[in-house]
Amino acid sequence: MHHAFTLSGETLHALPSGALYWPAQSLLCVSDLHFGKSERLARRGGALLPPYETRATLEKLETDIDRTTPARVVCLGDSFDDLAAVDGLEEEARLRLARLMAGRDWTWIEGNHDAGPVDIGGTHRATLTLGPLTFRHIADPAEMAEVSGHYHPKARIKGTSRPCFLLDPRRLILPAYGTYTGGLATHDTALQSLMQKGALAILTGTKALPIPL
């Protein structure tokens, strides 16, 4: 079950998966997919991970797209673990992604991992403004009415850490959507300095659950 809330007068839905749905714009937004993470780590001599994260992330994205049938999809940056990871995508993953993109207005917001256009279709932008809301990868403390990602926030409940949205009257920060992505505790000063008093953490999982930050 999703959690509905308003930001700058717009009704938004935090989905249990970590995606954001904006019904008035028929828009689905996800952040920090990190496609190709295991390939990038292996290429650079890092830890070897089971190479299934791209498939798992695509399956989750397919489920959210089937449920919401969005006309527009916004990926909030760090969609690829680096720019070379695009070339490392297996043909099956490219075809699945192409099927999801077909017939949709698809925007790739640039992140710190993938700061540059990628040869995979869609539109590439630094930021995107729709109505009162601006979508960017990293929150700008000087701005308001923004939707961002980057920090991979996580909050604990009953001893278990879960990815979460962070919400206050000025901004929304999305959790990382991709598999094999770590997280930053909500009590970290980087997040505490961005969020106003009274902010909420909306936990992902079987249902979207709001708790005080």
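The values are calculated or read from the model by the stated rules, or taken from the named source; none is laboratory data. Source: prediction; values computed, not measured. Here the Cβ is made from the backbone with ideal geometry for all residues, glycine too, and neighbour counts use every protein chain on show. Quick note on the areas: whole protein, heavy atoms, side chains included, nothing else; ligands and nucleic acids left out. Shrake-Rupley method; radii C 1.70, N 1.55, O 1.52, S 1.80 Å.
Three principal axis extents, largest first, for the C-alpha atoms of the stretch 48-159, in Å?
Over the stretch 48-159, Cα extents along the principal axes are 41, 41, 31 Å.
Which value does Rg/Rh take for the stretch 108-173 over its C-alpha atoms, Rh per Kirkwood?
Looking at the stretch 108-173, the ratio lands at 1.05.
Might you report the magnitude of the Cβ-based charge dipole of the chain about its Cα centre, with Lys and Arg at +1 and Asp and Glu at -1, to the nearest 20 debye?
660
Report the net charge of residues surrounding Ala208, where surrounding means a beta-carbon distance below 13 angstrom and charges are Lys +1, Arg +1, Asp -1, Glu -1.
Neighbourhood net charge equals +1.
Send over the semi-axes of the stretch 101-213's equivalent ellipsoid, whole angstrom and largest first, taken as the square roots of 5 times the C-alpha gyration tensor eigenvalues.
Equivalent ellipsoid semi-axes, largest first: 25, 17, 13 Å.
Out of residues 5 or more away from Thr179 or on other chains, whose amide H comes under 5 Å of its own, with H placed 1.01 Å from N in the peptide plane?
Thr57
At 222 nm, what helix-only mean residue ellipticity would the chain give, in deg cm²/dmol to the nearest 500, using -39500 (n - 2.57) for each DSSP H run of four or more?
-5500 deg cm²/dmol
Please provide three numbers in whole Å: the alpha-carbon extents of the chain along the principal axes, with the largest listed first.
45, 37, 33
Per the 1.4 Å probe, what fraction of the accessible area of the chain, in percent, lies on carbon and sulfur atoms?
Carbon-and-sulfur percentage of accessible area, whole number: 52.
Shape of the stretch 166-213 from its Cα gyration tensor (a ≥ b ≥ c, root eigenvalues): rounded if a/c is under 1.5, otherwise prolate when a/b > b/c, or oblate?
The shape class here is oblate.
Please state the relative contact order of the chain as a whole percent: Cα pairs under 8 Å, 6+ residues apart?
With pairs under 8 Å counted, the relative contact order is 22 percent.
As I understand it, the value is the acute angle between the Cα axis of helix 53-68 and the longest principal axis of the Cα atoms of the chain; what does it come to in degrees, rounded to 10?
60
By how many degrees, between 0 and 90 and to the nearest 10, does the Cα long axis of helix 91-101 differ from the longest principal axis of the chain?
40
Which percent, to the nearest 5, of DSSP beta bridges fully inside the chain are antiparallel?
Of all bridge pairs located within the chain, approximately 60 percent are antiparallel.
Compute the longest continuous run of the chain that contains no exposed trypsin sites (Lys or Arg not before Pro); treat a site as exposed when its DSSP state is not H, G, I, E or B and it has at most 13 other Cβ atoms within 10 Å.
That gives 45-157 as the longest site-free run.
Can you compute 3J(HN,Hα) from phi for each residue in the stretch 10-15, using the Karplus curve 6.51 cos²θ - 1.76 cosθ + 1.60 with θ = phi - 60°, rounded to whole Hz and x for Gly and Pro?
9, 7, 10, 10, 7, 8
For the chain, what is the accessible area per residue in Å² when the probe is 1.4 Å?
On a per-residue basis, the chain sits at 45 Å².
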